[in-house]
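Working notes, structure below.
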Amino acid sequence: MLATYFGQDCPRAWEMMPWVLQNRATKKQADWLASHLAQCEACRTEFAQQQRLQQAMSLPSEVEVDAEAGLQRLLGRLDTPAAEEPKRTRAGGWLTRALVAAILIQAIGIGALGLKMWSTDQTASYRTLSQEEPAPATSGTLRVVPDASMTLGDWNALLHSLQLQVVGGPNDVGAYTLAPVSAKSIKPNTLQQLRAARGIRLAEPVTGAP
Amino acid sequence: MNDADVPADATDRVLLQRMSTGDRTALATLYRSYHGRLCRFLSRLTRRPDIIEEVINDCFWIAWQKAGDFRGDSRVSTWIMGIAYRCGLKALRQHGEEAVEDSIPEDRTPADDPDEDRELRDWLSKGLERLSTDQRIVVELVYGEGHTLDDVATIMQCPVGTVKARLFHARVKLRNVLPALAEGSITVKERNDQVP
């Protein structure tokens with residue numbers, strides 16, 4: 001059973017014990033502790049335990065490490081040209097390694113995805129049914145429905161005279177998409193000339209709006 | 001500072017000064033001089049000899065690099081123990097649970113360990129295993145190495161009050177868990193004869 005402390009001097013004695021054991025206390029302090037211990041069984045027991053603790057702590061390490069082998073390795077490290085901040089041969093625990101691996105895999109995945117998106121054409125390769133058919137990039141594009149009786153010769157002659165070319169069609173209703181041969185050949189009255197021409201049933205400009 | 005500390009510290013300072021000029025013989029002397037106490041100190045953190053050697057070498061690698069920067073504000077032993085303490089904590093973080101072993105295998109215990117010492121070690125290990133790492137370190141530095149509270153605060157880079165609290169709680173725990181003292185322990189009177 002542990003002894004209990006009763007006296008007012010016990011806390012002071014308790015605090016003083018390690019330094020008396022270390023021979024750091026003055027003679028006056030050591031004498032005072034000795035006189036206290038003579039009359040206090042609890043502190044006497046504690047001090048005896050402190051002495052045994054110090055004795056046990058002073059024993060050489062039970063883990064044997066070869067000093068000379070370690071010293072040779074240290075001297076070898078000093079000779080290493082790239083000797084910098086101490087490095088470990090082994091990284092952190094398995095959890096750290098697993099986290100690093102996961103982050104690397106994610107980074108590689110994101111990088112590959114970004115590369116693929118960057119290299120892909122920006123225009124969507126699909127079109128919904130409600131979407132307007134993409135309009136030709138050239139301005140002055142027209143949608144024309146020739147009469148069924150119009151000969152190919154008349155059609156070609158008309159396109160040539162107006163400097164137009166077929167860029168699409170015919171679609172389901174027989175309409176062709178015409179565009180100027182070049183940007184310089186755009187004329188403001190082309191639409192009117194088409195409408196006035198023989199064999200043309202319908203001529204309308206192509207606009208973005210439906 | 002103890003009377004015995006003065007000449008030892010003076011010798012260490014000379015060695016450190018020589019190290020700052022690239023004297024490897026001085027490094028080897030200091031290494032051998034501190035190896036035993038660093039082994040014991042670090043064995044309170046880890047039981048792995050390879051990690052202990054790694055930490056000691058990291059410590060002296062830093063001491064070799066920084067020898068010229070030593071300002072002399074503390075004893076050399078306090079400075080070196082502080083480096084070893086920080087290297088030890090770093091090694092614990094890096095090695096994680098690998099650094100912790102519950103016991104020393106039979107083939108690693110000193111062969112010439114007398115029964116009395118083995119009994120003392122067992123008694124001590126029962127107590128120390130109840131302490132936190134910080135408390136174990138404080139107990140080692142005070143009882144094993146003979147450092148003052150100020151020294152320990154410098155080594156652990158914390159306020160003296162924190163060291164006092166750690167020492168107090170460690171002592172209370174040890175008092176509660178250590179088995180009864182065997183008969184024939186050193187008596188108070190015998191011990192007092194050694195106090196100046």
(request) Filter segment B:134-159 down to the residues that are closer than 20 Å to B:R93 by Cβ, touching a residue at least 40 places away in the same chain (Cβ under 8 Å) and away from chain A (no Cβ under 11 Å), then identify the one that is surrounded by the fewest Cβ atoms within 10 Å (Cβ to Cβ). (result) B:Q157
(message) Looking at A:Q8 and the list (1) surrounded by 11 or more Cβ atoms within 10 Å (Cβ to Cβ); (2) at pLDDT below 90; (3) closer than 28 Å to B:Y143 by Cβ; (4) of a type outside the set (A, V, I, L, M), which single condition is not satisfied?
(response) (1)
(request) Consider B:I51 carefully, then state whether it is part of a helix (DSSP H, G or I) and in contact with a Cys (Cβ under 7 Å, 6 or more places away or on another chain). (result) no
(request) Please verify whether segment B:67-76 includes one or more residues that are modelled with pLDDT of 95 or more, outside the structural domain of B:R118 (by TED's automatic domain parsing) and among the polar types (S, T, N, Q). (result) no
(request) Confirm whether A:Q131 is modelled with pLDDT of 90 or more and either within 30 Å of A:S182 (Cα to Cα) or surrounded by 14 or more Cβ atoms within 10 Å (Cβ to Cβ) (or both). (result) no
(message) Taking the conditions exactly as written (among the basic types (K, R) and closer than 14 Å to A:D66 by Cα), does B:R32 satisfy them or not?
(response) yes
(message) Can you report the number of residues in segment B:77-133 which are within 18 Å of the chain's Cα centre (by Cα), at pLDDT below 85, outside any helix (DSSP H, G or I) and buried (at least 16 other Cβ atoms within 10 Å of the Cβ)?
(response) 0
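Conditions (1) touching a Gly at 6+ places or on another chain (Cβ under 9 Å); (2) within 10 Å of chain A (Cβ to nearest Cβ), marked per residue:
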{"residue": "B:I62", "(1), (2)": "no, yes"}
{"residue": "B:K66", "(1), (2)": "no, no"}
{"residue": "B:D73", "(1), (2)": "no, no"}
{"residue": "B:T78", "(1), (2)": "no, no"}
{"residue": "B:G82", "(1), (2)": "no, no"}
{"residue": "B:Y85", "(1), (2)": "no, no"}
{"residue": "B:K90", "(1), (2)": "no, yes"}
{"residue": "B:Q94", "(1), (2)": "yes, yes"}
(message) Going residue by residue through segment B:46-58, is there one that turns out to be under 23 Å from B:D134 (Cα atoms), touching a residue at least 60 places away in the same chain (Cβ under 8 Å) and within 10 Å of another protein chain (Cβ to nearest Cβ)?
(response) no
(message) If A:V65 meets every condition in (1) of a type in the set (A, V, I, L, M, F, W, C); (2) modelled with pLDDT of 90 or more; (3) not in a loop (DSSP other than H, G, I, E, B) apart from one, which number is that one?
(response) (3)
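The values are calculated or read from the model by the stated rules, or taken from the named source; none is laboratory data. Not measured: the values here are computed from a predicted model. Don't worry about glycine lacking a Cβ; one is built from the backbone with ideal geometry, like all the others, and counts go over all protein chains shown.
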